[in-house]
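Colleague: Provided herewith is a single structure, encoded as structure tokens, for subsequent inquiry.
The values are calculated or read from the model by the stated rules, or taken from the named source; none is laboratory data. Note that the structure is a prediction, hence the values are computed from the model and not measured. Don't worry about glycine lacking a Cβ; one is built from the backbone with ideal geometry, like all the others, and counts go over all protein chains shown.
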Amino acid sequence: MQVTEYKPKIVAFCCNWCSYAGADLAGNNRLAYPAEVKIIRVPCSCRVNPMFILRAFQRGADGVIICGCHPGDCHYTSGNYYTRRRMALLFSMLNYLGIEKERTRVEWVSAAEGAKFAATMNDFVQTVAALGENKRLEDLRCKL
Amino acid sequence: MRKIAVAKLDALFAAMAKTHTVYLPADGADGRAQYTRWEAGVVYSTALNTVRSAKDFFFPQTENLMDFKMEGKSIELIDTRDEGEDFIVFGVRACDVRSFDVLDRVFLAEPVDSYYAARRAHGVIFSMACTRPAETCFCKTFGIDAAEPAGDVACYIDADTLYLDAKTEKGEAVLAALGLEDSDTAAVDAQKALIRERLDALPLSGLSAAAFGGDKLDEYFERPEWKTLSETCLGCGTCTFVCPTCQCYDIRDFKTNTGVRRYRCWDSCMYSEFTKMSAGQPRLTQLERFRQRFMHKLVYYPANNDGIFGCVGCGRCLSRCPISMNIVKVMKTLGGKNV
Amino acid sequence: MQRIGVFVCWCGSNIAGTVDVEAVSEALKKEPGVVFSTNYQYMCSQAGQDIIKNAIAEHKLSGIVVCSCSPRMHETTFRKTAAAAGLNPYMVEIANIREQCSWVHKDKLTGTEKAIILGRTAIAKVNLNAPLTPGESPVTKRALVIGGGIAGIQTALDIADAGFEVDIVEKQPTIGGKMAQLDKTFPTLDCAACILTPKMVDVAQHEKIRIFSYSEVESVSGFVGNFTVNIKKKARYVKEDVCTGCGLCTEKCPQKNVPNEFNLGMDNRRAIYIPFAQAVPKVATIDPRYCTMLKTGKCGVCSKVCTAGAIDYKAKDEYIEEKYGAIVVATGYNPISMEKFDEFAYSQSKDVITSLEFERLTNAAGPTAGVLLRPSDHKHPKTIVFVQCVGSRCSGAEKGKEYCSKICCMYTAKHAMLTRDKYPDTDVYVFYIDVRTPGKAFDEFYRRAVEEYGVHYIKGMVGKVSPQGDKLMVQASDLLANKQLHIEADLVVLAAAIEPDASARPLATMLTASMDTNDFFTEAHPKLRPVESPTAGVFLSGTCQGPKDIPETVSQAGAAAAKVIGLLAKDKLTGNPCVAHSNELMCNGCSSCERVCPYGAITYEDKEFRMPDRTTRMRRVAKVNEAVCQGCGACTVACPSGAMDLKGFASAQIMAEVDAICK
Amino acid sequence: MQALTREVLLDRAKALFADGTVDRAYGWKRGEFDYDVTPGLFRSVEEMEKEFVFDDFCGANFSKYLVEETRKGEGKILVFLKPCDTYSFNQLLTEHRFDREKVYAVGIPCEGMADVTKLKAEAAEGIRSITAEKEGFVVHTLYDGDKTVPRTEGLSERCLVCKSKKHVAYDELLGEDGEVADSARFDEVARLEAMNADERFAFWQRELSRCIRCNACRDVCPACTCETCVFNNPNSGVESKAPVTSFEEQMFHIIRAFHVAGRCTDCGECSRVCPQHIPLHLLNRKFIKDINAFYGEYQAGAEVGSRAPLVNYTTADLEPGEAVQRGNEHA
């Protein structure tokens, strides 16, 4: 029997102006983080609809992280403030439904924080990997 | 007729379970009865009826039809039908038993719905007489006798004994294998008399469907009362989904990670998105959609099915409709004194 | 169905070192919609771009995916490439397989697998891309400057000098603002009037500048390049074009007891007045609150003495509608009210004054002709206590402001120094929390006040000022010496915090420009776009954006002007096509989107809809102004029905990306 | 027992029809039994005299009907609003969902409405009639004689934890206005919060697995007035007609609750109408409880034009991670 190491699927939504650039900087500086992290570029973290997050879990993601500019630094002035409220409530609700709270995260990563981006992703992947596969929000049909 | 002590019900179910999967009404966490797969510890509920009807066994809310597997640019079709297993549904009330006839006339007519037919062939119905019919019951209106439920085996419970009466060969075969004690019919006859007395005393016992039927399209279709009846209808699907005879479904595709799963699921003619096709929904207003549902039960269905009504009087919609609108109110409003 | 071309870049060995580019281009060939897939050493090179162009032509590609470096690097390059080959530039998606793949992963197998997934994700997205065309809108080549202080004046002059028309709206009868009231300016001590009034004259004489004095903005509609502004010219009862500014009326008017606001009520003016000698426009104004003629119909002295016949008691407010391409807010500040600071006895003693009042007391054109005399008894004060941070840096902000008003340290040093210079026999104390003097020649200035002029700087706050006889008993603590001080003062000067002018808040609403909790206008970006408001076409000049001194105000005014000039120099504005769009069939008109839009890009209209049952009905629906929308997407999530979507980042596209990643 | 009788409401309605103030009226219609009252639109005094009722079974909230009905005809519509209904009414006004000028709102006091399911459960099947007496609801059963259900056991959950007896909108008020109550409505949410994640998950799986996606919760919800619901829109990516998997059950209820978060007035209609008795209000109340804890007390619909918490922010808002932590802690 072949034992394959469990690799979580991680979807990272990154705002174009800060966090996506932060991820690029991590690349420029060759700061490694697990390949399980795949980034989706959005103009602003406030573009991330809770439906996208649930969709990711449905489709088999084990963790979803949203990265945006630090509060106060939003390219659009207020976008990440809305993100912060929306995700605070959404995550609290997911937790209330018994879904592991470690599977979702919001992190503010500036364009200068390549190191923070890599560290965040390393930590997040480790945390999610420790939880194992997402079973509570999965849709088995998708794994067909 | 056979019998067994109520105290030995568990043993009976265990015996049935050797050859069949057994489903029976059991009280759920919310205190309401739902059909539940029997296993040790599951207790038969004496509740009059389950929240969801028994049609689920033959026409479940969702059913996979087939899968399409896509690899690169190639497509493979996969039949997802499983063999199915023999099962017994125990404790089905007379109204729900009749609902199977109503569904059969749709799904078993040519072209036969093979998914439905397979489930039907595997199922054995143990019906249960209603000793305590509720004020919302009106099965009598549609010629159903709750004292004499149909099915493969008709059951009666008095104080401490369950009586089982095989009605079909299928039923007899199952009973025979269970090795039950024979019984006379005295207790059951007495119960039937009591039930009939109680049915006559129900508030809706006088409700008549005589004013309705397959030939009444012109009489009712344009009636102005539809407006007031439907005006506050929310357009939800509660009545449809708790109804034992509603049989509309939609076929849909779900995109999986490797292809497409084709499945069907219940649809409701009350929905504005009812089987939405490229041409759109033909019934544009809630009035039309509302009218459709009741006309179908009372006029269109009998027109196509030898005068049999599409309603079995189970009363579920009476207790579940969010606005307490229901077929009884519709019949009384439209039929006036004749109802 | 799209016809997609995939172009995998090696980036030399940058990508190809960790990613098997051949395997990636092979794998992606199998994805739905892909009709062509290749790889090349440097896709961004001329040769690489030619591969793309040729493939677009040869394979009739409707969309392309470039697997390469970050889109932040070469998205524009490849969009241009596509455009050059006749493909809509927004049909290009980049899979970032360098910064986010080859550079962060070491194992080639891992890198290759991930690169394929990233490519697949970009393909899934481009499958749902639609060609986008940026909107264009014409630019009205005229700017409006709201506020005629030094900020507005400088901005207007700079714009006008570049050849564009500018209108200044000033609510007072004259331009000049706060600077006109000042005596000398730090740190050079030149006289404010000497440097300001020539600029005022320049404004008045500039052929490109119109001044609407004694006027206010009533309403604003439109958007960047195309604002329509309604301006109310308040009735001044004097014909502006007829009045010669001779001032005779202001001498003859029998109504003498009108508090003179230019001198902060420290002396009186007439009911008909010219605020100060160098006012621009130099035209008299009748104050209807005090004019006997206007109130009772009896008097008419000014009309009789006016040889020009400029008086018009029947004048009415006039409304002017004008179009502008850009709007500059320069609404300025005011010192806060001292009402809540009774511990300093401001309301109890005439000899407790604010710093701005002190300016007037020392100004040659002020109520005392520049001689420092106490307001109460017109005696020379011998001991003066200056209190800094009155209402600034208050925690909790119940009484004052949480922020630092920034200018007080410097003007207090100036006041203290000038007092000691002119009246060396005066004892001058300054109580401070911190002395903040960053700025060119600022700290040197402050040190001169202490070292050369012997001003007593004491770190500590004044706890109480109590009038006793003709003295003011000042109780204070000296934090450094750790002792209580009791000073018998003749004059106490409060460095009151400054706050945005009260007219700013309603103006911000009209402009849909955002404000912070202190009613300062918010800049589009605190570091990178400090003179722009988040609302496109609205610019910020001076203290309306935050406390600042004159040099800073003037530089910001010039910067705002440069931005305006940059805008007005364009004939047409090309928008970002990745903007929000509302599907009006699904829109509820609930206003959620409007409330989260930082740019005021969403408006509503009542529209008639044909219903499925063939009836019609009116519904309120959202409309996005594409010239104003910046495409953040906040509205798309606020919208419960999903009517609002974002072009280029549509929900369906993002979900397709999610699906492709999670496959 | 309600403080006002049917006759008081009826007389007022007659007067409003008579003086031309209104030309139609939303009110409750007598049903087949004592308890199956239907919300209805009356077009004349005669219709009302025949069928209008007002008693302990008049739970239906008419606010949502106004969205469609105010778009028809020129005349004004009379609507009777219980205190909790007025919050929905205001919230719809805040969202510009109907024209206030087309409505004549009469506030009426409410002593709480009965939960028929509870009465049925308490008194077994077979109800001949129900009467509201001082000591409670007297259920005259078909088989078991009369049974008395104390009022506190027969009232709807939402009424037992009534948040307000104060009307926040009306053109006129019949009877006495009440006060905003100090409600225990979050106790059940707190009980769930106190559980561990596994227990909570098990709880919600058990509850949500009963969902049949009849959409009654959505269709009755006064906050769910979308022209097209995302769950009906084939292009939304979440459209579905049945809860095919447990994920879809969760998805529907999470998104529905999220879409009404900050807008939900906690009227409780969702739970009242659920044929499967899923305690849907516990989802909405979780959002309300969190909003109150994170961003300050906020009652949707308390005033027209207020800015809902999800279209608002402060620079000092707590971080999502903290929110989850605190959501666990208030237990």
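Colleague: Would you confirm, using the coordinates I've provided, whether C:Cys253 is farther than 28 Å from C:Tyr319 by Cα and at pLDDT 95 or above?
Modeller: Criteria met by C:Cys253.
Colleague: Given (1) under 30 Å from D:Asp146 (Cβ atoms); (2) touching a strand residue (DSSP E or B) at 6+ places or on another chain (Cβ under 6 Å); (3) among the basic types (Lys, Arg), identify the lone condition not met by D:Arg24.
Modeller: It fails just one condition, (1).
Colleague: Can you pull out every residue in the stretch B:205-245 that is under 21 Å from the mean Cα position of the chain (by Cα), assigned by TED's automatic domain parsing to the domain that holds B:Met331 and hydrophobic (A, V, I, L, M, F, W, C)?
Modeller: Once the filter is applied, which keeps residues that are under 21 Å from the mean Cα position of the chain (by Cα), assigned by TED's automatic domain parsing to the domain that holds B:Met331 and hydrophobic (A, V, I, L, M, F, W, C), the stretch B:205-245 yields B:Cys236, B:Cys239, B:Phe241, B:Val242, B:Cys243.
Colleague: Scanning the stretch D:208-238 for residues that are at the interface with chain B (Cβ under 10 Å from one of its Cβ atoms) and of a type in the set (A, V, I, L, M), which turns out farthest from D:Asn292 (Cα to Cα)?
Modeller: The selected residue is D:Ile212.
Colleague: Pull up the stretch D:125-161, narrow it to residues that are buried (at least 18 other Cβ atoms within 10 Å of the Cβ) and within 14 Å of chain B (Cβ to nearest Cβ), then point me to the one that is modelled with the lowest pLDDT.
Modeller: Among those residues, the one meeting the criterion is D:Glu125.
Colleague: Among (1) modelled with pLDDT under 95; (2) surrounded by 14 or more Cβ atoms within 10 Å (Cβ to Cβ), which single condition is C:Lys440 missing?
Modeller: Status for C:Lys440: all satisfied but (2).
Colleague: Hey, can you tell me all the residues within the stretch B:76-107 that are touching a Lys or Arg at 6+ places or on another chain (Cβ under 7 Å) and either aliphatic (A, V, I, L, M) or not assigned by TED's automatic domain parsing to the domain that holds B:Ala134 (or both)?
Modeller: Once the filter is applied, which keeps residues that are touching a Lys or Arg at 6+ places or on another chain (Cβ under 7 Å) and either aliphatic (A, V, I, L, M) or not assigned by TED's automatic domain parsing to the domain that holds B:Ala134 (or both), the stretch B:76-107 yields B:Ile78, B:Leu103.
Colleague: So if I check each of C:Val6, C:Val35, C:Val19, which one is farther than 26 Å from C:Gly648 by Cβ, touching a residue at least 24 places away in the same chain (Cβ under 8 Å) and not in a helix (DSSP H, G or I)?
Modeller: C:Val19
Colleague: May I pose another question? Count, please, the residues in the stretch C:488-527 that happen to be in contact with a Cys (Cβ under 8 Å, 6 or more places away or on another chain), more than 20 Å from C:Tyr432 (Cβ to Cβ) and assigned to a strand (DSSP E or B).
Modeller: Total satisfying the criteria: 2.
Colleague: Restricting to the stretch A:57-92, count the residues that are touching an Asp or Glu at 6+ places or on another chain (Cβ under 8 Å) and either among the basic types (Lys, Arg) or at positive phi (or both).
Modeller: 4
Colleague: Being free of Cβ contacts under 8 Å to residues at least 40 places away in the same chain, in contact with a strand residue (DSSP E or B) (Cβ under 6 Å, 6 or more places away or on another chain) and either of a type in the set (Asp, Glu) or assigned to a loop (DSSP other than H, G, I, E, B) (or both) narrows it down to one residue among C:Leu480, C:Leu485; which is it?
Modeller: Within the list C:Leu480, C:Leu485, the selection yields C:Leu480.
Colleague: Test of understanding: among C:Leu118, C:Leu157, C:Leu109, which residue is surrounded by fewer than 24 Cβ atoms within 10 Å (Cβ to Cβ) and not assigned by TED's automatic domain parsing to the domain that holds C:Ala561?
Modeller: Sole residue among the options that is surrounded by fewer than 24 Cβ atoms within 10 Å (Cβ to Cβ) and not assigned by TED's automatic domain parsing to the domain that holds C:Ala561: C:Leu109.
Colleague: Looking at D:Phe287, D:Phe247, D:Phe294, can you tell me which residue is at the interface with another protein chain (Cβ under 7 Å from one of its Cβ atoms), of a type in the set (Phe, Trp, Tyr) and buried (at least 24 other Cβ atoms within 10 Å of the Cβ)?
Modeller: Every option except D:Phe287 fails the conditions.
Colleague: Can you give me the ranges of the helices (runs of 4 or more DSSP H) entirely in the stretch B:234-339 with at least 2 residues that are among the aromatic types (Phe, Trp, Tyr) and surrounded by 23 or more Cβ atoms within 10 Å (Cβ to Cβ)?
Modeller: Output list reads B:286-295.
Colleague: For the stretch C:394-406, check the following and say yes or no: at least one residue is within 32 Å of the chain's Cα centre (by Cα), crowded, with 16+ Cβ neighbours inside 10 Å and at positive phi.
Modeller: Yes, there is a match, as at least one residue in the stretch C:394-406 is within 32 Å of the chain's Cα centre (by Cα), crowded, with 16+ Cβ neighbours inside 10 Å and at positive phi.
Colleague: Determine which single condition D:Lys241 fails, assuming it passes every other condition in (1) over 22 Å from the mean Cα position of the chain (by Cα); (2) more than 11 Å from chain B (Cβ to nearest Cβ); (3) in contact (Cβ under 8 Å) with a residue 12 or more places away in the chain.
Modeller: All conditions pass for D:Lys241, except number (2).
Colleague: Need pairs with beta-carbon distance below 7 Å; first residue at the interface with chain D (Cβ under 7 Å from one of its Cβ atoms) and touching a residue at least 40 places away in the same chain (Cβ under 8 Å) and within the stretch A:81-98, second surrounded by fewer than 24 Cβ atoms within 10 Å (Cβ to Cβ) and among the aromatic types (Phe, Trp, Tyr); sequence gap 6+ or separate chains.
Modeller: Every condition considered, the pairs that remain are A:Leu90/D:Phe258.
Colleague: Then there's this: Quick test of your reading of the structure: C:Glu339 fulfils all but one of (1) over 30 Å from C:Ala192 (Cβ atoms); (2) free of Cβ contacts under 8 Å to residues at least 24 places away in the same chain. Name the failing condition by number.
Modeller: (1)
Colleague: Right, something else. I'd like the full set of residues that are assigned to a loop (DSSP other than H, G, I, E, B), within 13 Å of chain C (Cβ to nearest Cβ) and in contact with a Ser or Thr (Cβ under 7 Å, 6 or more places away or on another chain), limited to the stretch D:51-97.
Modeller: Hits for the stretch D:51-97 are D:Lys64, D:Glu95, D:His96, D:Arg97.
Colleague: Got a sec? Which strands (runs of 3 or more DSSP E) wholly within the stretch B:87-201 have at least 3 residues that are in contact with a Pro (Cβ under 6 Å, 6 or more places away or on another chain) and farther than 21 Å from B:Val43 by Cβ?
Modeller: Strands (runs of 3 or more DSSP E) meeting the threshold: none at all.
Colleague: Does any residue of the stretch D:179-201 turn out to be farther than 24 Å from B:Cys236 by Cα, touching an Asp or Glu at 6+ places or on another chain (Cβ under 6 Å) and not acidic (Asp, Glu)?
Modeller: no
Colleague: All but one of (1) without any contact (Cβ under 8 Å) to a residue 60 or more places away in the chain; (2) closer than 21 Å to C:Asp478 by Cα; (3) not charged (D, E, K, R); (4) not in a loop (DSSP other than H, G, I, E, B) hold for C:Thr419; which doesn't?
Modeller: With respect to (1) without any contact (Cβ under 8 Å) to a residue 60 or more places away in the chain; (2) closer than 21 Å to C:Asp478 by Cα; (3) not charged (D, E, K, R); (4) not in a loop (DSSP other than H, G, I, E, B), C:Thr419 is out only on (2).
Colleague: Further question: Please specify each residue of the stretch C:45-99 satisfying the condition of being of a type in the set (A, V, I, L, M), more than 14 Å from chain A (Cβ to nearest Cβ) and part of a helix (DSSP H, G or I).
Modeller: C:Ala47, C:Ile51, C:Ile52, C:Ala55, C:Ile56, C:Ala57, C:Ala82, C:Ala83, C:Ala84, C:Met91
Colleague: Restricting attention to the stretch A:7-17, report how many residues are in a loop (DSSP other than H, G, I, E, B) and either closer than 18 Å to C:Cys578 by Cα or facing another protein chain (nearest Cβ under 9 Å) (or both).
Modeller: Result for the stretch A:7-17: 3.
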